[in-house]
Amino acid sequence: MATGLLIFFWIFSSIFLFNRISFSVVTYQTKNNIQINKDSELRSNNIFSGEFVARDNNLGLIILDLNQYKKSKLDKESTVIFKFREKRKGDWSFQREYLSGLFDSQADFSFGFPVILNSKNKTYQFEIVQNKNRNNKIAFSKNHLITGYQYSKSEIVTAKPEIFKFFFNKVISSFTDIDFVVKSVTYLIPLVLVYVFLLMIIKNFHFVKRYTKILVLLLIIFEILFPHYIYVDSLFILIILWTWAVFIYKLKSKTSFLLSLFLILFWILIIPFGFKDLQDKLNIWIYALLVFGFLQMFIEERKEYEKKNL
Amino acid sequence: MHGFYLSLPERLRRVRKHSFFLANLLIILLLLGLPYFLFNGKLFIGGDDTRLFYVYPKEYLLNTQFFSWTNLSSMGWNFSYQTFLPFVLVWTFLAEIIKEKFVLSYLAFSLPLVLGFIFFQKLIAELVVKNRNDYKIEALLGAVFFVTSPIIINNHYLNPLIPIWLIGLIPAICCYFLRFLKTGKYINVLKTIILAIIFSFGSHNIPWLSAFLMPMITSIILCSLLFKKKDIFIFIKRFVIFFVITLFSQSFWLLGFVMTFINHSSSSFTSTVVSKDFVSDFARSVSATSMGSIIYPLLNLYQRKIAIDFGWNLKDIYLTFYDKTYFLNAIYVIILFLGIFNFKKNTNIWERKIFIVLLLAFITSLFLFTINIGPLFDFYLWLGNIPGFVLFRNPYDKFALGYGFIYAVLITYCLIVVARKYKKTDKKRFIILTTFSFAIFINALPIKDTIVSPLWTTKNIYKNITIPEEYLDFMAKIKNTVTPSNNILSVPYGLSLYTVIKDDNSNNVYAGVSPVVIFSGVNDISGYLSFNYAPEGVLFDKAIVNRDYKTLNEILYSHNINYVFLTKNIPEEVKKSYMFVPEVLKGQDKIFLLNTTSKQILTSSKGNYELYKTKKSNLQVTSDNSFFKRINRVEYKILIKNVSHKQELLFNDSFHEGWRIYLQKDPGKFECATQVEINQLKTTECKPDFSIFKLSDLRFLWEKPIFESSHKVNNNFSNKWTLDPSFIKENFNKEFYKQNNDGSIDLELTLYFMPQGYFYIGVLITTLTVGSLALFVILKRK
């Protein structure tokens, strides 16, 4: 019963709280059928184009991943033009201009357009161009995009088959999105902790010890293999697990500091080779370990002072 | 004579005995000699602070200091510029002794480093409780690590602004504070306030000082849990005494500065800092510039990413030097961690607590200097909501000094821990100290390339010059020709409030805040920022580009800009630099001159500088049948004759509520030697009657101004009052006006900038604070 409730809590908390756009918008990872874009960077003479098949009705937006464009002081503001149409339907049915500054520091960008009611299984095309003589280095991810389908309020709240359809689509689309899954793990923590607690009650301490080690290792491997996912959640999980490891193995502050020193020296070694994503990760890990180590040290010192009345 | 006959071993023993002193002396001499090596006898001036007050302190003192209403190549605004006063007074005195300009300039360059070097060692001596004399070498190396830190050198010496003095001031204040904390002796507070008054530079230093205090105070508060209640109480008590007295001693500028926040007006310094544009710029600036990581600061190097992204001079130094030597700096990290791992066993209880405070301050300042650490980045953006936090919109700059200093103190502490861990004869200790020294030496090698760099966005234009005699002579001519109540437009008009003065013998230039007012006493408008972020800045640029001479001439007239100063010898590479907007520069050609000026009135000896009169002249103060004379930057005497109906009085400088008019007795006694008379304006400007201060000026603090409710903004820029003769007749006796036969009256008014009074109150508080504390210290000693 408790397990069921916690799983329910995990799924529904995630669905309600981790929405790319809003609760009423169902989003799907969608393949971009056009793979001929020479360059993902939007230069003045380059057109970024895309084509995809809509997976549902009510198509209203597409989201493109950006390669972390940072507007430098030297960049002059340019205009980015987004054009959209159904395939083989002549002229562009929708066109909108955006200032390049809007792309500054964004991980992704949503291009919205009037909702298309009967969009399911139809093919759509879009183009993105930058106005002439500007070379702001806005770059899109080439291979896939996210399409968004807007359900109306009446479809969601009325007790018709649509409500089940909506929730079914919402769950499927959400849990097939790796970004969402990573984020949703936060709400899985209560379930994990309950199990750990139960295991401790039945005195299976070695079991817990062994699996904590495996969990930490798995997470570190995951972080290295998927360095793109730098989110509060993964860091949060890492900190929780590290705290747990410190508790289980009775680790002193020196361990955290030693680990951070090891990572700093490792970082110094890899600087010439680039590995930007890994360096970004190390940046967070090392600092988190320094803070963590300091907190441990602080607690250790305080305990000692209290003990010795210093 | 005895020493002459000493044996060699005895001599060596004596040298060894004094080796620490000799090493200190050698390093101080090297620091003093550094600018001679860097600049080859040319002046090192320019930038946002001009640095001209180091070279021409007297001119600076006379033409820019003392007043709360400031025009330094800008329209007037309320700013406590008196913060420079003590330093400029000291430096003026020094300039009477040291006649060579470049020696003064170089001394100003080296002195902060020398002070930092000396006081850093004194500070370490205060921080070490156990056997402090055994760790002088570590303290000396730590001091060198601090003053030659690539982070500090790049951030503070590439464009040495006022905060370079904090390199000396922060260790000094920390040292005296610790002494006061330990002993309770007030002589340490007295020494602090004397140093702080001379090198205060007030508001110029606030961001960097706060950036240092932020991690320190955070750390002290959090670590207070490690201390006993009794110790915390003593700390709080002495902390409050120390800093309250220091704050009071800064009243001469601080009071006026605080009042700009309370009496907020559109043309005050604070209005810029809290303006919507400034605030909204925070997130954008932080996002654009804080993309670095913690690795380079940990290696005691400046953020590499920003140098590369923005094409700074440091980019080339990284590519050619630091990218090849950075691994050597791993020794800093190793020493840091050796300190962390061993401090428990090698320090006593107080040192342990100090170590923890320093470590937390270091970790905090590492974040503040880097910002880009995962979710902490958003946390920093959130901090931007705190009023005034926008000052830290470029953390790579503001937190650099604080970080460099805290890192230096911590690493010195770690060196001491290492020294205690290993015996004096231990090879490991020797290797660590040698490698540490070697790393410092290697890191200091690119100092010339860092400091003597080309003007930004140029490749061959350097910033060390001797100001040409032609320029100085021309400024003297301007001083004799133009009264200080006018404004001059400097052409080419640029992006900031900079001007360019070319060296006589090279293409080197002075590129910094226009010094026209420093040399001639007459204010100029030299670029977009001269309009203090007012809409005219944009309008003026547009009008030049669109050749809209009607608008241009209207702005010139309404802003009392009656002269145009043309510089003709600016190198082409400078014209293409960041200092000028190409379209705006292109618009400032012969056609521009033809349409904005009426005649040429001055030419310099070699023809590089020219002065023109504008098409239409205005006056600083205008009203029908009026005469005015300038007393100083904050005071004007005005006589208005035959006032029979309501009439307007205009004061053509930026609007500020602090400008007030006061009615004077006996208007018949007003004397006027005509300087300029403009019939269309029905106004005569009398010869200035300069006076810096009269005791009677204090009365403006309590005297009631007149027509305050009619004080309005004119032309979206200047000040306007409506004078009503019937109000005068009804509310004042006949001493205050002269009744004419036709029923009209003559009035004498004083136009005064009231916030100037805060400066006088501040001086009084400062004097009382310093005087009473000095008296207290003397009496206690007896």
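The values are calculated or read from the model by the stated rules, or taken from the named source; none is laboratory data. This is a predicted model, so every value here is computed, not measured. Here Cβ is always computed from backbone atoms with ideal geometry, including for glycine, and neighbour counts include all displayed protein chains. The accessibility values were calculated without ligands, DNA or RNA, using every heavy atom of the protein model including side chains. Shrake-Rupley method; radii C 1.70, N 1.55, O 1.52, S 1.80 Å.
Data table
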{"item": "Whichever residue in region A:77-106 is surrounded by 13 or more Cβ atoms within 10 Å (Cβ to Cβ) and of a type in the set (Gly, Ala, Ser) and, among such residues, is modelled with the lowest pLDDT", "result": "A:Ser105"}
{"item": "Residues within region B:319-334 that are more than 13 Å from A:Leu265 (Cα to Cα), in contact with a helix residue (DSSP H, G or I) (Cβ under 9 Å, 6 or more places away or on another chain) and surrounded by fewer than 22 Cβ atoms within 10 Å (Cβ to Cβ), tallied", "result": "5"}
{"item": "Top-ranked residue of region A:258-288 - restricted to ones that are touching a residue at least 40 places away in the same chain (Cβ under 8 Å) and buried (at least 18 other Cβ atoms within 10 Å of the Cβ), ranked as nearest to the other protein chains (Cβ to nearest Cβ)", "result": "A:Ile284"}
{"item": "Within region A:241-257, considering residues that are open to solvent by less than 20 Å² (accessible area, probe 1.4 Å) and more than 28 Å from the chain's Cα centre (by Cα), the one nearest to the other protein chains (Cβ to nearest Cβ)", "result": "A:Phe257"}
{"item": "Within region B:4-28, tally of residues that are part of a helix (DSSP H, G or I) and under 30 Å from B:Thr148 (Cβ atoms)", "result": "15"}
{"item": "Region B:606-622 residues that are under 20 Å from B:Thr722 (Cβ atoms), paired with ones that are among the acidic types (Asp, Glu) and surrounded by 21 or more Cβ atoms within 10 Å (Cβ to Cβ) (beta carbon under 6 Å, 6 or more apart)", "result": "B:Leu619/B:Glu685"}
{"item": "Breaking point among (1) under 20 Å from B:Pro582 (Cα atoms); (2) open to solvent by less than 10 Å² (accessible area, probe 1.4 Å); (3) touching a residue at least 24 places away in the same chain (Cβ under 8 Å), for B:Lys459", "result": "(2)"}
{"item": "Scope region B:318-343; condition more than 9 Å from chain A (Cβ to nearest Cβ) and of a type outside the set (S, T, N, Q); matching residues", "result": "B:Tyr318, B:Leu319, B:Phe321, B:Tyr322, B:Lys324, B:Leu328, B:Ile331, B:Tyr332, B:Ile335, B:Leu338, B:Gly339, B:Phe343"}
{"item": "Residue, modelled with the lowest pLDDT, within region B:535-567, restricted to residues that are more than 21 Å from B:Leu619 (Cα to Cα) and not in a helix (DSSP H, G or I)", "result": "B:Pro535"}
{"item": "Positions within region B:708-736 being over 27 Å from B:Glu554 (Cα atoms) and either open to solvent by less than 20 Å² (accessible area, probe 1.4 Å) or among the small types (Gly, Ala, Ser) (or both), in sequence order", "result": "B:Ser709, B:Pro725, B:Ser726, B:Ile728"}
{"item": "Test: residue in region A:291-306 that is open to solvent by 60 Å² or more (accessible area, probe 1.4 Å), at the interface with chain B (Cβ under 8 Å from one of its Cβ atoms) and under 18 Å from B:Cys223 (Cβ atoms)", "result": "yes"}
{"item": "Single condition B:Tyr549 does not satisfy, out of (1) of a type in the set (Phe, Trp, Tyr); (2) closer than 18 Å to B:Ile478 by Cα; (3) open to solvent by 10 Å² or more (accessible area, probe 1.4 Å)", "result": "(2)"}
{"item": "Scope region B:497-546; condition open to solvent by less than 10 Å² (accessible area, probe 1.4 Å) and of a type in the set (Ser, Thr, Tyr); matching residues", "result": "B:Tyr510, B:Ser514, B:Ser520, B:Ser526, B:Ser530"}
{"item": "Filtered residues of region B:498-525 (kept if closer than 20 Å to B:Ile162 by Cβ and either touching an Asp or Glu at 6+ places or on another chain (Cβ under 9 Å) or not hydrophobic (A, V, I, L, M, F, W, C) (or both))", "result": "B:Tyr498, B:Thr499, B:Tyr510, B:Gly512, B:Val513, B:Ser514, B:Pro515, B:Val517, B:Ile518"}
{"item": "One residue from A:Ser24, A:Ser14 being within 30 Å of A:Val192 (Cα to Cα), at pLDDT 75 or above and among the small types (Gly, Ala, Ser)", "result": "A:Ser24"}
{"item": "Test: residue in region B:569-581 that is within 30 Å of B:Glu685 (Cα to Cα) and either out of contact with any helix residue (DSSP H, G or I) (no Cβ under 7 Å at 6 or more places or on another chain) or surrounded by 21 or more Cβ atoms within 10 Å (Cβ to Cβ) (or both)", "result": "no"}
{"item": "Residue within region B:415-432 that is within 21 Å of B:Tyr318 (Cα to Cα), touching a residue at least 24 places away in the same chain (Cβ under 8 Å) and crowded, with 20+ Cβ neighbours inside 10 Å present", "result": "no"}
{"item": "Check on B:Glu677, modelled with pLDDT under 90 and among the acidic types (Asp, Glu)", "result": "yes"}
{"item": "First in region B:226-250 and within 14 Å of another protein chain (Cβ to nearest Cβ), second anywhere and open to solvent by less than 40 Å² (accessible area, probe 1.4 Å) and of a type outside the set (S, T, N, Q), Cβ under 8 Å, 6 or more apart", "result": "B:Leu226/A:Phe298; B:Leu226/A:Glu301; B:Leu226/A:Tyr305; B:Leu226/B:Lys353; B:Leu226/B:Ile356; B:Phe227/B:Lys353"}
{"item": "Region B:384-414, subset open to solvent by less than 20 Å² (accessible area, probe 1.4 Å) and aliphatic (A, V, I, L, M), residue farthest from the other protein chains (Cβ to nearest Cβ)", "result": "B:Leu401"}
{"item": "Residue under evaluation B:Asp449, criteria (1) open to solvent by less than 10 Å² (accessible area, probe 1.4 Å); (2) part of a helix (DSSP H, G or I); (3) farther than 30 Å from B:Gln620 by Cβ, criterion not met", "result": "(1)"}
{"item": "Selected residue [in a loop (DSSP other than H, G, I, E, B) and open to solvent by 10 Å² or more (accessible area, probe 1.4 Å)] from B:Val103, B:Val129", "result": "B:Val129"}
{"item": "Matching residues, region B:582-632, being of a type in the set (Gly, Ala, Ser), open to solvent by 20 Å² or more (accessible area, probe 1.4 Å) and outside any loop (DSSP other than H, G, I, E, B)", "result": "B:Ser598"}
{"item": "Residue match in region B:199-217 (condition: within 14 Å of chain A (Cβ to nearest Cβ) and closer than 25 Å to B:Asp397 by Cα)", "result": "yes"}
{"item": "Scan of region B:349-383 for residues that are of a type outside the set (A, V, I, L, M, F, W, C), closer than 17 Å to B:Val417 by Cβ and within 11 Å of chain A (Cβ to nearest Cβ), ordered by number", "result": "B:Arg352, B:Lys353"}
{"item": "Test for A:Asp65: is it touching a helix residue (DSSP H, G or I) at 6+ places or on another chain (Cβ under 7 Å) and either modelled with pLDDT of 80 or more or crowded, with 19+ Cβ neighbours inside 10 Å (or both)", "result": "no"}
